[in-house]
Amino acid sequence: MSEPPGPVAGSLRDPEHRVSPKAVRLWLLEALIAFVIFAGGSFGLAAWIPSWSWLPEWLSGNSWLVPVVVLVPGTPLLLIEPFVRYAVHRWELSGDVVYARSGFLTREWVFVPVSRIQTVDKAQGWLERMLGLATLEIRTASHAGSSTIKGLDYTIAAGLAERLAHRAEELRDDAT
């Protein structure tokens, strides 16, 4: 009589490499920009609410609550998020598989077989360019589309993109 299979052993190991420490600055700047947008929007809405006659009087008389409701819970999240992202975001090229983990509120583990890679690109937004960072975009033929590794030093992203493209080409040549 065979035994039923046991539980799957433990959690996945961490990928070997962290993203650049400069990614924390990038994510703090992005959080600051989001904070300014949310703050401006909430104060603008609070100034506009008293002119809406269809709202209950308690709300139009207390429109100052709108920025409080938006910014009090949002501020700690905006300040904590970059540090949590840095702790979580990791990557590794192991054999013929790219392994990446990312996430803030939810975690995502991605395994991309190098043999499935169609294109590898580097991307830089203006903040990334200012900090010397890049995002590596790995596109495959799968229904999932592309995978990204954000927060890499530009030179590491460029080298990894070149290695992945070269290795993917080698594997395609071997298959023919």
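We did not get these values from a lab; they are worked out from the coordinates using the rules stated. If you're wondering where the values come from, they're calculated on a predicted model, not measured in any experiment. Reconstructed Cβ throughout: ideal geometry from the backbone, glycine too, with neighbour counts over all protein chains shown.
The table below gives the values:
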item: Summed side-chain charge close to Glu92 - residues other than Glu92 whose Cβ falls under 13 Å, Lys, Arg +1, Asp, Glu -1; result: +2
item: Tensor-based shape of the range 11-87 (alpha-carbon gyration tensor, a/c under 1.5 rounded, otherwise prolate or oblate); result: prolate
item: Base-10 log of normalised Debye intensity for the range 42-137 (one unit scatterer per alpha-carbon) at q = 0.19, 0.24, 0.26 Å⁻¹; result: -0.99, -1.22, -1.27
item: Mean residue ellipticity (222 nm) of the chain, computed from DSSP H runs ≥ 4 via -39,500 (n - 2.57), nearest 500; result: -16000 deg cm²/dmol
item: Rg/Rh ratio calculated on Cα atoms of the range 96-135 (Kirkwood radius); result: 1.07
item: Listed candidates (1) 32, 16, 13; (2) 43, 22, 15; (3) 51, 17, 14 - label of the one calculated as semi-axes √(5λ) of the Cα gyration tensor in Å; result: (2)
